[in-house]
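Taking it in order: structure first as structure tokens, then the write-up.
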Amino acid sequence: MYPTFSSQRSSTNQPSLETNTILYLPALADAFATKRNLVLVCKQWWHLATRYLYRALFINRRHSRKLLSIWSTLQSYANGKGAVPGAKPLGWWTERLDVAFCLTAAGEARLADIIMCLPNLAIVHLNFRIRPIDHTSILRSITNALRQAASSLRVFDWSTWSSDPAVPLIVREFLAELPRLCILRCDSMPWMDGVIPPNILSSITTFSVQEMLITDGDIPGESRLGHRRVNLREVIISAGRNGLESWSIFMRLYGTFLTSVHLTMFDGYWDVLFHHLAMIEQSCPNIRRLTLSMIDFSDLTRDMLSLPPIEYLGVNMFEMFHDEMESESLFSALAIFKDTLPTLRVVQLTHPDNVDRLLTVYQELAIGALETDLAECPFRIEDHDGNLLLERLKAVVEPFCYIKYLFQSAVAFD
């Protein structure tokens, strides 16, 4: 039995929180599948790669029926009955767990058993659907299993939606037991008054919540924090029409500590983007990095758009560019920022699909814009991997131009 395990470079050394699950999970699954095929070459490769192969465990709906088999393998090694007698249990090496499927009552018990075999987890991402009647029992079962890894857990992502009023309490109790937690993502705000407890506030550096709802925020300002130590430096905002008031309360509490904000727009309403950017500019005097995930790049060219004095700007569009207008809007916006945002040092296209579209469809338009309107640009324009976008474009276009030249020469010679 070869479960779907693998190692991911920097997955535990530099924990990160990917907000676009649709993009993130398929790439993770593909990497796991490739490495799994490598270790199937022979037994020797399997034994040599065990500690790296089992560094991360990914379970999606394709593997949900194999929960019993995965648990049996982990349990056998834990009991000293694995293929390598005397070796450390396979679960000992696992530092990352990603779960994304529809969880049943039977699956919940088996998943908890699997987690009990993973004592050194550092990164946990849970995103599954549960019947409303099962929310409380399943969450308690999973958090009880995760408590054995409380001292090592640094990234916790509970992206599972729940309408059960008992769920926030269970989440709060569990989070209070994580002394090394650095990155936290929740579907809804666990603390309804907006005040994060001191022990959590002193450890987490990044906080993301899908649905921000603060119902007891009548005392705004840092005075509510007292003299607490605050390590929070980055927030990820899912922007919508209904959460602005609660986010404003949150920002009044913690905005002065933030140096990075990631704003994700799930609707195309211009005024939502405008109001959230105004809130960030007013509440975050120390911000240096801003990332905008958008539906349409044309919003970046609006006259009323105002960005805070940032050094880094990340931009991406959820969907592929449908026509040249999207690309033109992007580069028009960058030309505006060149003249209006003197503090800017780096602009990065953070979505691989956006970069790929420029490289494969709109090369001439992109190169023309970068070599004319943005020729004397004071900031770097990078792809998602940190490479200069212009160099990537030229690397793609120049071989094509050379081949085209050879073809034309051959035709002329004939």
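The values are calculated or read from the model by the stated rules, or taken from the named source; none is laboratory data. This is a predicted model, so every value here is computed, not measured. Backbone-built Cβ (ideal geometry, glycine too); neighbour counts: all protein chains shown. Surface areas here come from the heavy atoms of the whole protein model, side chains and all, with no ligands, DNA or RNA. Shrake-Rupley method; radii C 1.70, N 1.55, O 1.52, S 1.80 Å.
Annotation: amide H-H contacts under 5 Å for residue 266 (H modelled 1.01 Å from N, sequence separation of 5 or more, or interchain): 239. Across the stretch 342-358, rounded Karplus estimates of 3J(HN,Hα) from the backbone phi angles (6.51 cos²θ - 1.76 cosθ + 1.60, θ = phi - 60°) give x, 7, 5, 10, 9, 10, 10, 7, 8, 9, x, 5, 5, 5, 4, 5, 5 Hz, Gly and Pro being marked x. Here the 3J(HN,Hα) profile of the stretch 141-156, calculated from phi with Karplus coefficients 6.51, -1.76 and 1.60 at θ = phi - 60°, is 4, 6, 5, 4, 5, 6, 4, 5, 9, 4, 6, 10, 6, 10, 10, 10 Hz, Gly and Pro shown as x. For residue 291, the residues whose amide H sits under 5 Å from its own are 261, 262, 263, 314, ignoring neighbours fewer than 5 places away on the same chain, with H placed 1.01 Å from N. Calculated FRET efficiency, residue 120 to residue 169, Cβ-Cβ distance, R0 = 41 Å: about 0.90 to the nearest 0.05.
Packing around the peptides 359-371, 247-259, taken as the average count of other Cβ atoms within 10 Å per residue, puts them in this order, highest first: 247-259, 359-371. The simple Förster model, with R0 at 41 Å and r as the Cβ-Cβ distance, assigns residue 192 and residue 398 a FRET efficiency of 0.10.
Close amide H contacts of residue 210 (hydrogens built in the peptide plane, cut-off under 5 Å, sequence separation of 5 or more or a different chain): 186, 187, 188.
Once the chain from residue 275 to residue 229 is taken as fully extended at 0.36 nm per residue, the excess over their C-alpha distance is 13.6 nm. Residue 304 contributes an accessible area of around 120 Å² to the protein surface, as traced by a 1.4 Å probe with all chains present.
Between residue 242 and residue 305, the simple label model (points 7 Å from Cα in the Cβ direction) yields a spacing of 2.8 nm. In the context of the full protein assembly, residue 47 retains an accessible surface of approximately 80 Å², using a probe radius of 1.4 Å and ignoring ligands and nucleic acids. The phi-based Karplus calculation (6.51 cos²θ - 1.76 cosθ + 1.60; θ = phi - 60°) puts the 3J(HN,Hα) values of the stretch 182-196 at 10, 10, 10, 10, 10, 6, 9, 5, x, 10, 5, 8, x, 8, 6 Hz, whole numbers, x for Gly and Pro.
I'd like the FRET efficiency for residue 340 and residue 159, computed as 1/(1 + (r/R0)^6) with the beta carbon distance as r and R0 of 56 Å, rounded to 0.05.
On the way: r = 36 Å, r/R0 = 0.65.
Using R0 = 56 Å, I get an efficiency of 0.95.
When 351, 322 are compared by accessible area at a 1.4 angstrom probe, the order from most to least is 322, 351.
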